[in-house]
Structures are given as C-alpha cells and as structure tokens.
Amino acid sequence: MKHAKKLQSIFVLEDNPASILANIAASQYPNAELFQPNSVDNAQKIIKKNKPDLIIIDLSLIDDEITEFINAVKINSPKSTCVVASHIEEDKELFLALKAGAKGYLLKDKEEDQILKHLINILDGQPTVAPAIAYQMLGYFHRQPNFENQEALSDRESEILKLIASGHKRASVAEKLSISLNTVATHLKTIYRKLNINSRAEATMEALRRGLIKK
C-alpha cells in the first residue's frame, strides 16, 4: 500500500520497540529515519531536536499526561503530524488526545493492513473515526453539566483545576500561585475527592464541562 506523501523522519513512542507500530512505520517508509526513545523522559528532547514528520504515541505509556504531552509536541515540533495508538477503542484518553491536537488514532488490536490503512488516511487528512469514538465525542459535547451531586470547589481549587487541565505540572502551578508543592498536592486530593475523579484526564474533562478552559 503506497502513500504519496514522503516522510523523512518518524518518531514512535511505544511500550515495545520491536512491536507493531514501529514495524509498520519502517516497512511502509523504509527510507525515513526512525526515532524510538527508550523512555518517556527523553521523548520531548528527541522531538524538539529532530522535528519528525510523523509522531506516533502509545497511550499506555503516557496515561493521564496525554494533554500535556501533546501540547509540548505542538510547541517543540508544530509541523509534525501527531497520532496516538491504543489497544481499546473505549480508551477515555483517545478523546482527550484528539481534543489536544492529535490528528487521529490507531487501534493496536487490528490487523497490520488495517492499521496501515488508517495511518495513511490520517496522513491524507482523512482520519477514520469509529462509530464508538464518534458516539463518545457527540455524547460528551451534548452532555450538560450536572453538579448537584458534587461538592462545590473553592475559588483556589477551581484555579488549580484550570491550570492542571491546561497542561501545567504541579511545580508550575505552585510557582504560578506562589504556594508550596505540598499545598498543591493537598488541593488536588481535595479536588479529586469532590469531583469523584482519579486522573489528570478526568480533571481536564471536568474543567471543560465547567467552562474553565475552552473547547
């Protein structure tokens, strides 16, 4: 399967360097330089230095930091096409990745030819969106906020929620608000308890619903 667009470089952040995503990228684009970091920690350094044409990110390695990671990609390599991958279509991080700026997603449980077809569609500007994901996205935007069963957030807690949802790390929040890291951690525990959430991804969705950050 051929693709008209030529890629000079490809970045793949995956749980197993020898697994399916890197193999597909290498077989389809044999002349492209392939970057495979050995950890998440040095991923952004490689992206910033080499500015690869295509960036593929395995969501299992990013967890609830996906919004922050993709925001950093857009700063470090704004012309790159960023794609995420997951084993399951119901992965809640998929929506956040698309919202943050990913151009599409790949499902790792599909056959290699299907994954390649979806990748080429993304590069052609025609990403495939499965009905389950489309339904999830529509359901999210059509759902009205309901805070009746939630404790009210204080002004400070709302401020911290907004910063976290905008991609700031705890240290950045502490510096911005002139408070200690321990204070930030305490506020976050309270926020998570009040909103009945457990991750940065859920915090971002909650901030969107509350209008603290823009869609």
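The values are calculated or read from the model by the stated rules, or taken from the named source; none is laboratory data. Remember, predicted model here, so these are calculated numbers, not experimental data. So basically every Cβ, Gly included, is an ideal-geometry build from the backbone, and we count neighbours across all protein chains shown.
If I go through the stretch 41-60 residue by residue, how many of them are of a type in the set (Asp, Glu) and surrounded by fewer than 18 Cβ atoms within 10 Å (Cβ to Cβ)? So that I can check it myself, show each step before the final result.
Going through the stretch 41-60, the residues of a type in the set (Asp, Glu) turn out to be 41, 53, 58.
Checking the rest, the ones that are also surrounded by fewer than 18 Cβ atoms within 10 Å (Cβ to Cβ) come to 41.
Qualifying residue count for the region: 1.
Restricting the stretch 31-89 to residues that are under 16 Å from Arg200 (Cβ atoms) and in a loop (DSSP other than H, G, I, E, B) leaves a set whose member that is modelled with the highest pLDDT is Val40.
Going through Leu188, Leu138 one at a time, which residue ends up being at pLDDT 80 or above and either in contact with a Lys or Arg (Cβ under 7 Å, 6 or more places away or on another chain) or hydrophobic (A, V, I, L, M, F, W, C) (or both)? Outline the logic, then answer.
Details: Leu138 fails: at pLDDT 80 or above.
Being at pLDDT 80 or above and either in contact with a Lys or Arg (Cβ under 7 Å, 6 or more places away or on another chain) or hydrophobic (A, V, I, L, M, F, W, C) (or both) holds for just one of Leu188, Leu138, which is Leu188.
Summed over the stretch 6-40, residues that are surrounded by 13 or more Cβ atoms within 10 Å (Cβ to Cβ), polar (S, T, N, Q) and closer than 17 Å to Leu59 by Cα total 2.
Within the stretch 194-215, the residues that satisfy the criterion of being in a helix (DSSP H, G or I), farther than 17 Å from Leu98 by Cβ and either among the aliphatic types (A, V, I, L, M) or free of Cβ contacts under 8 Å to residues at least 40 places away in the same chain (or both) are Leu195, Ala203. Scanning the stretch 18-29 for residues that are at pLDDT below 85, of a type outside the set (S, T, N, Q) and more than 22 Å from Ser77 (Cα to Cα) yields Ala18, Ile20.
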